[in-house]
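Q: Just passing along the structure, written as structure tokens.
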Amino acid sequence: MTVSQTSLPAPFRKVASGKVRDLYECEEFPSCLLFVATDRISAYDVIMENGIPNKGKILTKISEFWFSLLKEKVQTHIVTSKWNEMPQVIQQHPELKDRCMLVKKFKILPIEAIVRGYLTGSAWKEYQTHGTVHGIQVPANMQEGEAFPEPLFTPSTKAAEGHDENIHPDRMSSIIGEDLAKQVAQTAVDLYKVARDYALQKGIIIADTKFEFGVDELTNKIVLVDEVLTPDSSRFWLAADYKVGASPDSFDKQFLRNWLTSNKLNGKPGVLLPEHIIQSTGKKYMDAYEMITGKNWSY
Ligand SMILES: Nc1ncnc2c1ncn2[C@@H]1O[C@H](COP(=O)(O)OP(=O)(O)OP(=O)(O)O)[C@@H](O)[C@H]1O
Ligand SMILES: [Mg+2]
């Protein structure tokens, strides 16, 4: 079954609906939020008409895996993602099983903490014209897709509408203050390195990723929130296919993006995906889960 939309009845209140996830509040757990990952898929910033069966579950399980690996290093927002630990009011909706996470609500820092291990995407575009990445000087004569000597912390603004803007870390300091900026930059790079090394052993290159952080207002320490190191928030490349001199799409979206561009449908609304694209893309998400966790998909 594919879950493309959710609409939980009272006492739940839908507070937001992103490209992939629906976000609920509930008076029974006022300090928490419930994230429900649907099977929606987007490409070129547009949501497709039909979803990818199980994608929301796979994203939830990948995020859950990383949160539990990274919690040694940073406080996280997870209350639980285990079905049998969810409040009764949630368990009354079996369609949410394995695709939801109960998290603690935090004040969210208005920046995206991007870490780049490899020169690709918007960073490669900027590098070609200016020789910099988010205004940061990087080595000359780098090729597309090449690894940086050290991962780069490259934040962006978090635009309510339209596109996020790549900014220099100094500008982030002026937005969130020096103390938090230091914590974010340091933690994001640390977390990226742990994940990069782990994933590489499993045959996946995490070319770049985006973390979000909240602030624990009691301690003024940052908290890892949102989703972590999923194919939706990161660029995953198969290590076996890696070669310098190219910028492949993240491997999960390759079939979809190729199909869209070859049919001149990229960026168009209301696209209905054919069965073979649904199947091949679903398989890629499953591969990502199985490679990273080392487990067979069983949900
Ligand atoms: N623990 C938390 N407390 C409060 N807000 C959170 C927490 N974790 C994540 N958020 C916020 O919840 C929202 C989740 O939205 P979501 O990512 O689904 O959609 P979006 O960011 O609007 O769009 P997109 O689909 O492009 O990512 C984000 O604004 C994120 O910052
Ligand atoms: Mg988001």
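Q: Whether any residue in the stretch 44-61 is out of contact with any Gly (no Cβ under 8 Å at 6 or more places or on another chain), among the charged types (D, E, K, R) and in a strand (DSSP E or B) is what I want to check.
A: No, there is no match, as no residue in the stretch 44-61 is out of contact with any Gly (no Cβ under 8 Å at 6 or more places or on another chain), among the charged types (D, E, K, R) and in a strand (DSSP E or B).
Q: Same structure, new question: May I ask you to list the residues in the stretch 230-239 that are away from ligand 1 (no atom under 14 Å from the Cβ) and either modelled with pLDDT under 95 or in contact with a Ser or Thr (Cβ under 6 Å, 6 or more places away or on another chain) (or both)?
A: Arg235, Phe236
Q: Another one. Among the residues of the stretch 105-134, write down those that are away from ligand 2 (no atom under 16 Å from the Cβ), within 18 Å of the chain's Cα centre (by Cα) and not hydrophobic (A, V, I, L, M, F, W, C).
A: Arg116, Gly117, Tyr118, Thr120, Gly121, Ser122
Q: State which residue is nearest to the chain's Cα centre (by Cα) when the search covers only the stretch 144-155 and only residues that are assigned to a loop (DSSP other than H, G, I, E, B), crowded, with 19+ Cβ neighbours inside 10 Å and more than 16 Å from ligand 2 (Cβ to nearest atom).
A: The extreme case among them is Thr154.
Q: Report yes if some residue within the stretch 207-218 is under 23 Å from Thr38 (Cα atoms), buried (at least 17 other Cβ atoms within 10 Å of the Cβ) and among the β-branched types (Val, Ile, Thr); otherwise report no.
A: Within the stretch 207-218, one or more residues are under 23 Å from Thr38 (Cα atoms), buried (at least 17 other Cβ atoms within 10 Å of the Cβ) and among the β-branched types (Val, Ile, Thr).
Q: Then there's this: So which residues in the stretch 256-277 are over 20 Å from the mean Cα position of the chain (by Cα) and either polar (S, T, N, Q) or part of a helix (DSSP H, G or I) (or both), if there are any at all?
A: The answer is Asn258, Trp259, Leu260, Thr261, Ser262, Asn263, Asn266, Glu275, His276, Ile277.
Q: Moving on. Only one residue in Phe29, Phe35 is in contact (Cβ under 8 Å) with a residue 40 or more places away in the chain, surrounded by 15 or more Cβ atoms within 10 Å (Cβ to Cβ), in contact with a strand residue (DSSP E or B) (Cβ under 9 Å, 6 or more places away or on another chain) and under 17 Å from Glu95 (Cβ atoms). Which one?
A: Phe35
Q: Scan the stretch 84-97 and give yes if some residue there is in a strand (DSSP E or B) and more than 16 Å from ligand 2 (Cβ to nearest atom), otherwise no.
A: No.
Q: Among the listed residues Gln254, Gln201, identify the single one that is in contact with a Lys or Arg (Cβ under 8 Å, 6 or more places away or on another chain) and more than 16 Å from ligand 2 (Cβ to nearest atom).
A: That would be Gln254, the only listed residue that is in contact with a Lys or Arg (Cβ under 8 Å, 6 or more places away or on another chain) and more than 16 Å from ligand 2 (Cβ to nearest atom).
Q: Given the conditions (1) of a type outside the set (Gly, Ala, Ser); (2) assigned by TED's automatic domain parsing to the domain that holds Asp208; (3) out of contact with any strand residue (DSSP E or B) (no Cβ under 6 Å at 6 or more places or on another chain), and given that Arg116 satisfies all but one, which numbered condition is not satisfied?
A: Only one criterion is unmet by Arg116, namely (3).
Q: What are the pairs with Cβ atoms under 9 angstrom where one residue, in the stretch 123-140, is small (Gly, Ala, Ser) and the other, located anywhere, is part of a helix (DSSP H, G or I)? Sequence gap at least six, or different chains.
A: Cβ pairs passing all conditions: Gly135/Glu126; Gly135/Pro169; Gly135/Asp170; Gly135/Arg171.
Q: With respect to Leu70, is the statement that it is more than 16 Å from ligand 2 (Cβ to nearest atom), assigned by TED's automatic domain parsing to the domain that holds Lys19, surrounded by 18 or more Cβ atoms within 10 Å (Cβ to Cβ) and within 17 Å of the chain's Cα centre (by Cα) true?
A: Yes.
Q: Another one. Got at least one residue in the stretch 156-169 being within 16 Å of ligand 2 (Cβ to nearest atom), part of a strand (DSSP E or B) and surrounded by 18 or more Cβ atoms within 10 Å (Cβ to Cβ)?
A: Yes, some residue in the stretch 156-169 is within 16 Å of ligand 2 (Cβ to nearest atom), part of a strand (DSSP E or B) and surrounded by 18 or more Cβ atoms within 10 Å (Cβ to Cβ).
Q: Among the residues of the stretch 249-265, write down those that are touching a residue at least 60 places away in the same chain (Cβ under 8 Å) and buried (at least 18 other Cβ atoms within 10 Å of the Cβ).
A: Selection gives Lys253, Leu256, Leu260.
Q: Looking at the stretch 1-17 only, could you name the residues that are surrounded by 15 or more Cβ atoms within 10 Å (Cβ to Cβ) and part of a loop (DSSP other than H, G, I, E, B)?
A: Selection gives Thr2, Val3, Ser4, Thr6, Leu8.
The values are calculated or read from the model by the stated rules, or taken from the named source; none is laboratory data. Keep in mind that this is a model prediction, so the values were computed, not measured. For neighbour counting, all protein chains shown are included, and Cβ atoms are generated from backbone atoms with ideal geometry for every residue, glycine included.
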